[in-house]
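We did not get these values from a lab; they are worked out from the coordinates using the rules stated. This one's a predicted model, so the numbers in the text were calculated from it and none came from an experiment. Cβ placement follows ideal geometry from the backbone for every residue including glycine, while neighbour counts extend to all protein chains displayed.
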């Protein structure tokens, strides 16, 4: 009789143990969601290497869960999976913050470069208005055309910023600034040599 | 007896130490630290090669495997195994190290290939930009290209910037686009100026010139020939060349005049419609031409009807052969301009009604045709 009671107790304990070894669904879902959030915040673009490792962590966690799921119920242990889920979630949150920070930095860099280019082009256009006609009207007209082309290119930079193409926008803005400064220098040199020209009023 | 016991104790002690030594020598760590360090080093190299951006699939596979193995390494950090025991973790690390090394080698080679290609492409585009700029400058046709040279220059600058940042793929993309812009510039020049290389068109211009000279001979009068490609003005009297001067044209003079303000100098048969002496012109002396003539009006209206000329544009007028106002105003918007002493001579030798024939070129081998030929040969070569 006593032996029967003992066996029933052991089986009850086993059933209780197997009932406790369930996959940590909430932690897994939270980790999964955190990775998606990190991806949406631009982690794959701004911290691509860390993001690849984060996907590795997520994959390791899922493998571990699948491994435990495949075991006999009494032998399942989701402790490691839980730990991996916690690490994945924490890492995803870190990357989300870092990606957002890098995105802001890139946006700031592109916007700053755009403003600097705008200032240079405005200065060039002001100089063009004062440019001496000199012997070669074609040269003046060329400078005017170049300055107008630079002004139009600034719109491309703004469009790139609007599309979130910050690196391309910054590089193009810097190119515009460099070119605008070169055109300004050309006009300043001409102004220094011969002074200001007077406006031409005839039509042809 | 006691001595025997102490010998036995010592022997047992030595045996124990020996056994411990043998055991320790036979034991190994599950994950050899030098292997872990080597993989970490490979990961850093892959980071420097921007593997996650340039070979995302390869890096993703490496990173996933590395993360998985690192988790196992951490879990088995305190585990010691017998040397002869099978070690799956070590084997997996070894395979990852070999795979990582292969990826590093492949990406390094790929990066170097791209670097060389990007450098070569930038040099090619720079050479082509120089060729176009030189030829365009030689025939004063920079304005035909409008904003295109600036756009090309900006792309070239971006290509250089990306190259310096080690972003060779983006550098190649930018210089590819610059190259396409250059091709468009060359096509535009051929389209706008191709008539200077057209034997039919040149034959037509030569015929116009012959007829003007014949008229001069027949009427024993003056006639003026202006060639835009040669930038020359020649005065004929009774069919004989009297003088020839270099001229400047409108700021876009090489083009065919289409409407007011385009800076082009018209081509056609005109006559002096008025002489403007001192005080009547700001340009020292001026010979007003009867532009637009009937043919100019017909062409203008036809083009505007077809929508090739905006409805807001006018045909223009006030085309003159004139002198220079002053050093700072030495300019023209579509006229033919001479230096003042030469203008003075010409002014005195022509009358109202004197024919003025303006043609694109007198010779098949003119400066514009040569420049176009040079461009088509050299842009293909580079």
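Quarter the surface of the alpha carbon convex hull of the range B:35-132 and you get the mean projected area, 7.4 square nanometres. Of interest is the spacing of the C-alpha centroids, which for the range A:101-115 and the range B:101-135 amounts to 28 Å. Each label point was placed 7 Å from the Cα along the Cα-to-Cβ direction; for residue A:126 and residue B:273 their separation is 4.3 nm.
With a cut-off of 17 Å on the backbone N, the residues of the range B:41-68 near the modelled label site 7 Å out from residue B:105 along Cα-Cβ are B:42-43, B:45-46.
Here the Kirkwood formula puts the hydrodynamic radius of chain B at 27.8 Å, using every distinct Cα pair. DSSP bridge analysis restricted to the range B:199-364 gives an antiparallel fraction near 75%, rounded to the nearest 5.
Neighbour counting of Cβ atoms within 10 Å sorts the residues B:134, B:152, fewest neighbours leading, into B:134, B:152.
For residue A:108 and residue B:75, a Förster radius of 41 Å and the Cβ-Cβ distance give a FRET efficiency of 0.45, rounded to the nearest 0.05. Each residue in B:245, B:236 was given a count of other beta-carbon atoms within 10 angstrom of its own, and listing them fewest first yields B:245, B:236. The calculated 222 nm mean residue ellipticity attributable to helices in chain B amounts to -19500 deg cm²/dmol, summing -39500 (n - 2.57) over DSSP H runs of n ≥ 4 and dividing by all residues. Packing here is the average count of other Cβ atoms within 10 Å per residue, and on that basis the peptides B:298-307, A:144-153, highest first, run A:144-153, B:298-307.
Between residue B:351 and residue A:182, the simple label model (points 7 Å from Cα in the Cβ direction) yields a spacing of 5.5 nm.
In the protein assembly as shown, what % of DSSP beta bridges are antiparallel (nearest 5)? If we restrict to bridges inside the protein assembly as shown, about 80 percent are antiparallel. Of all DSSP-defined beta bridges confined to chain B, some 80% are antiparallel rather than parallel.
GNM on chain B, alpha-carbon springs under 10 angstrom: the most fluctuating residue among B:309, B:213, B:122 is B:309. Between the beta carbons of residue B:256 and residue B:126, assuming R0 = 30 Å, the FRET efficiency works out to 0.40 to the nearest 0.05. With contacts taken as Cα pairs under 8 Å at a separation of at least 6 residues, the range A:26-102 carries a relative contact order of 54 percent. Taking a ≥ b ≥ c as the square roots of the eigenvalues of the alpha carbon gyration tensor, the range B:199-364 is oblate, as a/c is not under 1.5 and a/b does not beat b/c. With 0.36 nm allotted per residue and the present C-alpha distance subtracted, the residue B:133-residue B:180 stretch has 15.3 nm of extension available.
Across the range A:104-194, Cα pairs under 8 Å and at least six residues apart give a relative contact order of 48 percent.
Here the relative contact order of chain B, from alpha carbon pairs under 8 Å that lie six or more residues apart, stands at 16 percent. Between residue A:162 and residue B:242, the modelled label-to-label distance comes to 6.3 nm, taking each label 7 Å out from Cα in the direction of the beta carbon.
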